[in-house]
Every structure is written in structure tokens, then in C-alpha cells.
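Structure record follows, encoded as C-alpha cells.
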Amino acid sequence: MEKVVGALINVVSLFSMPTALHWVHRLFSTPRKGKLNAKDLPLFLTQAHLGYFWYKKNKVYYYQWNATQTQLPLVLLIHGWESNSARWEALCTALDGQFRFVAVDAPSLGQSYGKNLSVKNYQEVIDIALHTFQPSFVIGHSLGAFALFQQLSETNYPWLKKAVILGAFDRFEVILSHYYHLLGYSKRVKEAYHSYIEHLINKPLIAYCSAEAVQFVDVEVLCIHDKEDPQVSYEEAQRFHQALLQKNNVVLSTENLGHSLQDETVFFTIQTFLR
């Protein structure tokens, strides 16, 4: 089915490249799952204080736990692609009583409004959240971790002490390559979308990678990645890991925990790093 859609877009590009690029970007940036119904929220989220802030005329929802315990350090939580703030339940439960938490639903995911999610608009939402809540610590997972790390490389947040990066990829180009292969786009469509993305992020795609960003990130970083991660290649991320180690950051390689990294060993490692 994907190849059929890709073939149709290739044909459309022969007559109107802008129209083709509209559909290429829409398909790439529209999550297929991860939305939440306000009337059927997981218990974990109903127990939180719910709020929202505005991003480009859309509401971005956030959840706070232990909000009144202002003596505790604050941790900002950034989820990944086709996910939402409910994914942090196990971590918040494991570290309850030691931190305040605030989790953000990305645009078009969870309860947040919007129709699509690009890394660029996620970066902008993360920037708003960092300025709004001014956390001591921040934790990102998967696409959220990549967007977070890119944002930390572009903006200084004096109040932020440490960052935890979970299951993050290195090069955005690799993600695009997988997408191109899945849809079977023509060379001219791929080249046009490359230019579109470079205009969107305002930098060459080759520079849009975690390893390059390391030199501009000043906070201490803990990176955790599973060697058998089925969604984000451990091997592809090793250049990022080496760049982190060269700046005396911490990299933990796990086994048999998959992409989600929902495990007591991971939670204990995060607790030790933040405390």
C-alpha cells in the first residue's frame, strides 16, 4: 500500500512539485496513533494537575505531579513519536517522592491539538516548556530525545542542570532514508523534500544530527540505549555515543530492554544521575 501511495505522489510531482511535497510532508509528519480521549484517560493522567499553553494557536497540554512539593527538584518529561505523556507512568512511580514532574503532550498527540508533528515544531514546543517551567532536569525519549537535544544545542537554559536522553537516533537523514525507502519516492521527489526540510530547520541535513550537536550542549548528559533496540539502531547511534563520552558524559548500553527502556535498572540509573 505504501509503495502505491509513493507511486501516486511521484506522478503528481511531474505536474506540481509543491502539491507532491505537501503530501510527502503530511505523510511523514502525521502520527497514526498516540492520541488520547479526554473522557477516557489512563488513571495515571487523571491523577495529575492538567494545564495547557499555546503554540501557534493550538493548545499543548501538560500534566504535573507533586506540584505543591516545591522543595523537590522539577523534571520535565518529553515523549517520543506516536506516544503521549502516559508513557512516563512507570518512571514517575519509581521515582515518586523524590521529584516533581511535568510531562508535555507533543502537538497532535495525547490531548494536544494540531494535525502533525515535525521535529522542528517539537523543538519549538520544548523551548516553550523549558522557559515556562524552568526545570532542573529534563528527560526525552526517542524522537522527543532527538528534538530535545537539538534544542539544547541551539539555546542556553541557565537553570537546567542535567539531561537524560533515551533511545535517541544520531542522524535525521537516516530517518528520512527509511521513509523514502518505505514509500518508494523518485530521486527528484527525495531531493526536493531534502531542500524543503533544510529550509524548515535552517541548516544542512548533514548537520542535523546528535553527534554534531554535542559540542554545543553544556549540561551534563546521561544517554541510555538498548543494543537490541528494534526501532532506533544502536549501531547508527554509536557516533553520538562516542561524542558524548569525549565530553565526559555518561552512556549506558542495556540489553533486552527494547526501545521503551521501561525497566527498574534504567530508573535507578536515572535516579542516581539526577541526585
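Return only the number of the condition from (1) exposed (fewer than 11 other Cβ atoms within 10 Å of the Cβ); (2) part of a strand (DSSP E or B) that TYR52 does not satisfy.
(1)
So which residues in region 130-166 are part of a loop (DSSP other than H, G, I, E, B), buried (at least 18 other Cβ atoms within 10 Å of the Cβ) and not polar (S, T, N, Q)?
Within region 130-166, PRO135, LEU160 qualify.
Limited to region 230-259, what total is found for residues that are surrounded by 12 or more Cβ atoms within 10 Å (Cβ to Cβ) and out of contact with any Ser or Thr (no Cβ under 9 Å at 6 or more places or on another chain)?
Of the residues in that region, 10 qualify.
Would you tally the residues in region 217-236 being in contact with an Asp or Glu (Cβ under 8 Å, 6 or more places away or on another chain) and either free of Cβ contacts under 8 Å to residues at least 12 places away in the same chain or closer than 12 Å to HIS259 by Cβ (or both)?
4
Of (1) surrounded by 20 or more Cβ atoms within 10 Å (Cβ to Cβ); (2) of a type in the set (A, V, I, L, M, F, W, C); (3) touching a His at 6+ places or on another chain (Cβ under 8 Å), ALA67 satisfies all except one. Which?
Failed condition: (1).
I need a count of the residues in region 90-108 that are within 20 Å of PHE133 (Cα to Cα) and out of contact with any Ser or Thr (no Cβ under 6 Å at 6 or more places or on another chain).
Total satisfying the criteria: 13.
I'd like to know if region 94-115 contains one or more residues that are free of Cβ contacts under 8 Å to residues at least 24 places away in the same chain and outside any helix (DSSP H, G or I).
No; the residues of region 94-115 include none that is free of Cβ contacts under 8 Å to residues at least 24 places away in the same chain and outside any helix (DSSP H, G or I).
Is one or more of the residues making up region 94-117 more than 19 Å from HIS259 (Cα to Cα), touching a helix residue (DSSP H, G or I) at 6+ places or on another chain (Cβ under 8 Å) and hydroxyl-bearing (Ser, Thr, Tyr)?
The answer is no; no qualifying residue exists.
Being at pLDDT below 90, among the hydrophobic types (A, V, I, L, M, F, W, C) and open to solvent by less than 10 Å² (accessible area, probe 1.4 Å) is true for just one of LEU222, LEU205. Which residue is that?
Step by step, each of LEU222, LEU205 is checked, and only LEU205 is at pLDDT below 90, among the hydrophobic types (A, V, I, L, M, F, W, C) and open to solvent by less than 10 Å² (accessible area, probe 1.4 Å).
Condition check: of a type outside the set (S, T, N, Q), open to solvent by 20 Å² or more (accessible area, probe 1.4 Å) and at pLDDT 95 or above. Does ASP105 satisfy that?
no
Condition (residue is under 17 Å from the mean Cα position of the chain (by Cα) and either more than 24 Å from ASN156 (Cα to Cα) or among the small types (Gly, Ala, Ser) (or both)) applied to region 263-274: is it met by at least one residue?
no
If you go through region 9-49 one residue at a time, how many are surrounded by fewer than 13 Cβ atoms within 10 Å (Cβ to Cβ) and aliphatic (A, V, I, L, M)?
Qualifying residue count, region 9-49: 4.
Checking LEU183 against (1) surrounded by 15 or more Cβ atoms within 10 Å (Cβ to Cβ); (2) touching a Ser or Thr at 6+ places or on another chain (Cβ under 9 Å); (3) over 30 Å from LEU74 (Cα atoms): exactly one of these is not met. Which one?
For LEU183, the failing item is (2).
For region 70-106, how many residues meet the condition of being of a type outside the set (Asp, Glu) and within 16 Å of the chain's Cα centre (by Cα)?
Number satisfying all stated conditions: 17.
Please pick out the residue among LYS120, LYS115, LYS162, LYS187 that is modelled with pLDDT of 95 or more and basic (Lys, Arg).
Testing whether each residue is modelled with pLDDT of 95 or more and basic (Lys, Arg) leaves just LYS162.
Note down all Cβ pairs under 6 Å where the first residue falls in region 168-194 and is within 15 Å of PHE28 (Cα to Cα), the second is part of a loop (DSSP other than H, G, I, E, B) and open to solvent by less than 50 Å² (accessible area, probe 1.4 Å), and they're at least six residues apart or on different chains.
PHE172/TYR208; VAL174/GLU236
The values are calculated or read from the model by the stated rules, or taken from the named source; none is laboratory data. Just so it is clear, the model here is predicted, and its values are computed rather than measured. Methodologically, a virtual Cβ is constructed for each residue, glycine included, from the backbone with ideal geometry; neighbour enumeration extends over all protein chains shown. Side chains are part of the model used for accessible areas, which takes the heavy atoms of the whole protein and leaves out ligands, DNA and RNA. Shrake-Rupley method; radii C 1.70, N 1.55, O 1.52, S 1.80 Å.
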